[in-house]
1. So which of Asp197, Asp228, Asp171 is away from the ligand (no atom under 16 Å from the Cβ), surrounded by fewer than 20 Cβ atoms within 10 Å (Cβ to Cβ) and in contact (Cβ under 8 Å) with a residue 40 or more places away in the chain?
2. Could you run through segment 135-150 and say how many residues are within 10 Å of the ligand (Cβ to nearest atom) and surrounded by fewer than 24 Cβ atoms within 10 Å (Cβ to Cβ)?
3. Which residues, counting only those in segment 27-84, are β-branched (Val, Ile, Thr) and under 20 Å from Cys327 (Cβ atoms)?
4. Right, Glu73: in contact (Cβ under 8 Å) with a residue 40 or more places away in the chain, out of contact with any strand residue (DSSP E or B) (no Cβ under 9 Å at 6 or more places or on another chain) and either surrounded by 14 or more Cβ atoms within 10 Å (Cβ to Cβ) or not polar (S, T, N, Q) (or both) or not?
5. Can you spot a residue in segment 81-96 that is more than 15 Å from the ligand (Cβ to nearest atom) and open to solvent by 10 Å² or more (accessible area, probe 1.4 Å)?
6. I need the full set of residues from segment 121-155 which are within 12 Å of Ala104 (Cα to Cα) and aromatic (Phe, Trp, Tyr), in order please.
Amino acid sequence: MPTIQFVDLAAQQLILGDQISRRISTVLDHGSYIMGPEVAELEELLAARIQRQHCVTCASGTDALQMALMALEVLPGDRVVVPDFTFVATAEAVRLVGAEPVFADVDPITYNLDPESAALAWDLPGPSPVGIIAVDLFGHPAQGEQLERLANRHGAWLITDGAQSFGAMRDGRSSLSHGVIATTSFYPSKPLGAYGDGGAIFCDDDQIVIALRSIRNHGADVSRGLHDRVGLTGRLDTLQAAVLLAKLEVFDSEIEARQRVATRYSTALCDLVSPPSNPANVDPVWAQYTIEVEGRDEVRLNMAEKQIPTCVFYPRPIHENAAYTACQVVLGGNQVTSLATSRVISIPIHAYLDEPVQDRIISALRSALVGQ
Ligand SMILES: Cc1ncc(COP(=O)(O)O)c(C=O)c1O
């Protein structure tokens with residue numbers, strides 16, 4: 001029986017290999033490995049797709065968040081509201097600029113930042129938060145409009161951390177169209193993944209984009225040859241831009257394929273688990289297919305015995321990790337996050353998962369759940 005990959009980059013490579021090789025050869029021929037023409041070409045295509053004025057590619061999704069916070073001039077000690085249920089990088093970026101994450105709870109259905117819980121961050125004693133970072137967890141768009149209204153009410157900003165959601169839509173708009181800045185990641189296993197690290201930042205503000213371009217390149221003002229601010233080595237490699245350009249050509253069909261897998265899973269499993277929510281106005285990009293189960297360890301063991309890989313994204317609230325235990329948690333203690341992190345498992349989902357393999361996964365999960 002063929003081995004099942006959690007994310008099958010080799011299957012994608014079989015289909016896209018020629019286009020990717022052609023794109024890479026072009027870079028090897030012109031030799032502009034840093035900020036070559038592919039970077040500008042990619043930025044133009046991505047900005048048009050997201051319908052934002054500017055796209056600044058960068059070295060990773062974490063750099064994208066850190067650069068966004070630097071461009072917004074977040075200062076040491078500033079508070080920034082983040083969901084407690086996310087990948088650690090969301091909070092890590094806040095700490096990297098010396099600011100303090102305040103952890104809020106998530107919605108029990110979508111696992112995205114709960115606007116009511118986020119609002120409680122303004123009731124805490126001490127300084128008011130300067131902004132909110134919303135995460136489109138597992139590729140499902142966050143409540144961008146409500147969170148923008150909350151931020152505006154308090155004179156704060158919203159950043160959308162779309163590391164998992166490039167390609168996701170709500171009401172016909174990209175989820176990355178929300179927030180003064182939105183970021184994404186091109187980590188290889190992401191829906192649009194490079195062959196190494198990469199990320200991108202989107203905004204509509206002409207001053208912010210000047211700051212972002214300077215921060216990505218050691219704080220340089222290239223026209224004057226001066227360094228007015230401290231920056232990073234934050235550029236996306238030209239070779240990664242070339243890979244992404246090749247992958248973008250099939251990206252829409254890959255999203256559709258992911259959606260088909262998710263629909264089959266949900267239909268086949270809905271009598272045993274609550275499938276991830278998929279309202280009519282939302283087109284998630286299905287970065288993960290994540291459900292809650294009782295007896296998670298046993299279910300995973302059962303699946304592993306049948307050579308079905310599973311993952312736990314994420315096993316505990318961020319605030320319970322040693323690097324973050326000193327940070328603030330909003331009133332209520334983030335009960336939804338606590339329960340979800342103790343129960344979630346993710347099963348394989350990608351665009352090249354054929355129906356017989358999906359059926360093996362479904363049947364292994366059903367017997368693991370029923371056999372408990
Ligand atoms: C929600 C979220 N934010 C930020 C990141 C960081 O992206 P990168 O790994 O490209 O630094 C990730 C990566 O998994 C993520 O899932």
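1. On the way: Asp197 fails: away from the ligand (no atom under 16 Å from the Cβ); Asp228 fails: in contact (Cβ under 8 Å) with a residue 40 or more places away in the chain.
It is Asp171.
2. Result for segment 135-150: 1.
3. We begin by selecting, within segment 27-84, every residue β-branched (Val, Ile, Thr); these are 27, 34, 39, 50, 56-57, 62, 74, 80-82.
Matches in segment 27-84: Thr62, Val74, Val80, Val81, Val82.
4. Working: in contact (Cβ under 8 Å) with a residue 40 or more places away in the chain: no; out of contact with any strand residue (DSSP E or B) (no Cβ under 9 Å at 6 or more places or on another chain): yes; either surrounded by 14 or more Cβ atoms within 10 Å (Cβ to Cβ) or not polar (S, T, N, Q) (or both): yes.
For Glu73, the condition - in contact (Cβ under 8 Å) with a residue 40 or more places away in the chain, out of contact with any strand residue (DSSP E or B) (no Cβ under 9 Å at 6 or more places or on another chain) and either surrounded by 14 or more Cβ atoms within 10 Å (Cβ to Cβ) or not polar (S, T, N, Q) (or both) - is not met.
5. Checked segment 81-96: no residue is more than 15 Å from the ligand (Cβ to nearest atom) and open to solvent by 10 Å² or more (accessible area, probe 1.4 Å).
6. Result: Trp122, single match.
Matching residues to (1) outside any helix (DSSP H, G or I); (2) surrounded by fewer than 18 Cβ atoms within 10 Å (Cβ to Cβ); (3) touching a strand residue (DSSP E or B) at 6+ places or on another chain (Cβ under 6 Å):
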| site | (1), (2), (3) |
| --- | --- |
| Ala268 | no, yes, no |
| Pro275 | yes, yes, no |
| Asn278 | yes, yes, no |
| Trp286 | yes, no, no |
| Asp297 | no, yes, no |
| Pro315 | yes, yes, no |
| His319 | no, no, yes |
| Gly332 | yes, yes, no |
| Thr337 | no, no, yes |
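The values are calculated or read from the model by the stated rules, or taken from the named source; none is laboratory data. Owing to the predicted nature of the structure, the values given are computational and were not obtained by experimental measurement. Positions of Cβ are backbone-derived with ideal geometry, glycine not excepted, and every protein chain shown enters the neighbour counts. Surface areas here come from the heavy atoms of the whole protein model, side chains and all, with no ligands, DNA or RNA. Shrake-Rupley method; radii C 1.70, N 1.55, O 1.52, S 1.80 Å.
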